[in-house]
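Peer 1: Sharing a structure, written as structure tokens. Questions coming.
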Amino acid sequence: MKSRRSSLLRIPGRFRGLKIRFAGGVGVLLLLVGAPFFYLFYTLHRDRSIDSLNQATTDMSRLLVQAIEQSMFQSSPHTLTDAVAQLADSELVERVLIVDKTGRVAVSTDPRAVGELVSRESPTCRVCHERSPASRAPATIVTDERGVEVFRTMRPVYNRPACHGCHQPGDRLNGVLMVDYSTTAARARVTSDMWRMFGLAVIMMPLTLLAIAGLMNRLVVRRVQGLVRATQRVRGGDLTATAPSRGDDELAVLGESFNAMTEALRDSIHEIERQRSYLEHLIDSMEEQVCVVDGSLRIVTANRSFVTAAGLWKGAIIGQPCAAVAHGGGGGPCESCPARAVFATGVVQKTHVMVPDREGHEREYEVFCSPLRDARGTVSQVIEVRRDVTERTSLEANLRHSERLASLGLLASGVSHEINNPLASIGACVDGLQRQVQNGCCDTADGRDTVLEYLGLVSRETMRAKAITDRLLILSRPSTGLVGVVDLNRAIEETVSLLKFQAENARVVLATELQDPVPPIVADEGQVRQLVLNLVLNALQAASAASRGPGRVSIKTRSTNGMLELAVVDNGPGIEPGQTKKIFEPFFSHRASGQGTGLGLFIVQTIVRGLQGTIRVSSWPGEGAAFIVEVPIHEPQGGTPDRR
């Protein structure tokens, strides 16, 4: 604010300097233009003064020649001397010479010059005699023998017929009248006039510059200052500022354009504020927790749900580390922070985290992190959206458990058959042991061996029944959300073993083609077994309706490109082309009423998505179908199981 005020205070000084510079520039321009003009005017005025002097002296010489001729006609030479002397009294006349035809001075105002011979070769005479007679001027400026600059007029005295009484008729001239006039007075007048003009110019130039500066100040500077003050106010945030726009010149147009610009800017800012308020209200209305973090994982902004969940006010969380606010006050970031992964890869990340609420109860959140890029395409911030999926996860778990129990119901006959065989063997052994005890055979060595054999058989059959019940327990127990290292091949083999009785009754061949060894995956083993169970049960029911030969179901595993692939292929009737997108919808089923819940494939898809994998279907109507699941391979890292 202080710098802006000092800038405003400096502006008038700058414009005063502008006026001075402009006036100075005009003054220099006037000097550059006026100096040659002044010199030209001086030369012209001098030449006009000389022309006036020439005209005056020519007329005076003409009158003097007439007086000479008149005195000669009257044979009165003394009158000639008197006329010359009278002429010499004038302050303009320096000297008068009357030269005869031989070049000697006959009459002169300077007695020393009388009788001297004026030679044509003298510098004063050569000025005229070097030129042709036609180009000779009757008057010119010369420097006489004394070194004085004079204006000399030469007037020939012609030998007229009236003069023939004293002069030879053959002579053209009787002599020449030369009058030297002083140029000092003429030059003094010219110099005086020039000084007066120069003085007038010296007075007029400042007045002109002041007038120009005042006019510029009125027409330009004040209006520009008003425009600058308006721009300073706009820069300070006052969009109501207006620039002067009176008149119809360019500055008025500039002011109108500036005012139109500020009005458009004001409208744009109001529209941006309206949209920002609308978007902020829209985001605050979301149930999901939304926050934006910068490159150091500090919160830039957040919506109302995020602030409420944090138990703070919005100003208190801005600038705080995301982990300290969102993870119940923990200091460090997540071990696998999705926001950090977005900054590193520029790709949208998704994960699930468990966060304790203010009452200490753990809540499960589904977290989506998306990049915000700047003009250069660099990820500058990350939008983090947290959705509380605790209730949804619980419902999905209950739904999966219900479907699992329904699937176990389909296994009841097969399981009872599998358990009945070891129970029958155990019963036969118990009968044999009773007979041995009743007959007293335990006292003999053979009897003891027989008893031990029976007991060994009982133990083996008991362990066989226990293995079956263990497999059932793995399938039937609710999901705990704990994940660990899972051997997919083992999960497939133990799950398929529970389905052998159903396959035999349906006359379907169960075949496995498992890659050995297969890379492990990190998952909930119960969910993996349910995924296999649902896919194989679905394939068994399809293969039981095979129209070409016996039914067949193939379960295959292989690893490729960092993914573990599970394929369940059957030779049943296949899936109609229009139904492939519906089979994963909940409660969609082609089976007869009471033979399924319609949730099997829906739960399969949910489990696959939770494993960050994909599932796709290929179907050949009348020939069968294939369900292919791909999940990422995870290297086991040890430690306690994670919760997902």
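Peer 1: Please give the contour-minus-distance gain from Asp357 to Asp267: 0.36 nm per residue of separation, less the Cα-Cα distance, rounded to one decimal in nm.
Peer 2: Working: separation 90, 0.36 × 90 = 32.40 nm, distance 4.43 nm.
Extending this stretch completely gives an extra 28.0 nm.
Peer 1: Between segment 175-203 and segment 242-258, how many Å separate their Cα centres?
Peer 2: 55 Å
Peer 1: Right, here's the next one. All other residues with a Cβ under 11 Å from the Cβ of Glu287 taken together, and with Lys, Arg as +1 and Asp, Glu as -1, what is their net charge?
Peer 2: On the way: positive: Arg304, Arg386, Arg387; negative: Asp284, Glu288, Asp388.
The answer is 0.
Peer 1: What FRET efficiency would be calculated for the residue pair Asn561, Ala35, taking the C-beta separation as r and a Förster radius of 56 Å, to the nearest 0.05? List each step's numbers first, then the result.
Peer 2: Working: r = 90 Å, r/R0 = 1.62.
It comes out at approximately 0.05.
Peer 1: If you take the square roots of the eigenvalues of the alpha-carbon gyration tensor of segment 156-249 and sort them as a ≥ b ≥ c, do you get rounded (a/c under 1.5), prolate (a/b over b/c) or oblate?
Peer 2: Values: a/c = 10.50, a/b = 5.31, b/c = 1.98.
Prolate is the answer for segment 156-249, as a/c is 1.5 or above and a/b outweighs b/c.
Peer 1: Work out, step by step, the length gained on full extension between Glu391 and Trp195: first 0.36 nm times the residue separation, then minus their alpha carbon distance; give nm to one decimal.
Peer 2: Working: separation 196, 0.36 × 196 = 70.56 nm, distance 10.72 nm.
Gain on stretching Glu391 to Trp195: 59.8 nm.
Peer 1: Computing the accessible area with a 1.4 Å probe over protein heavy atoms, can you report the carbon and sulfur percentage for segment 143-253?
Peer 2: Heavy-atom surface of segment 143-253 belonging to carbon and sulfur, 1.4 Å probe: 62 percent.
The values are calculated or read from the model by the stated rules, or taken from the named source; none is laboratory data. None of the values given here were measured: they were computed from a predicted structure. Every residue, glycine among them, receives a Cβ derived from its backbone with ideal geometry; neighbour counts consider all protein chains shown. These accessible areas exclude ligands, DNA and RNA; they are computed on the full protein's heavy atoms, side chains included. Shrake-Rupley method; radii C 1.70, N 1.55, O 1.52, S 1.80 Å.
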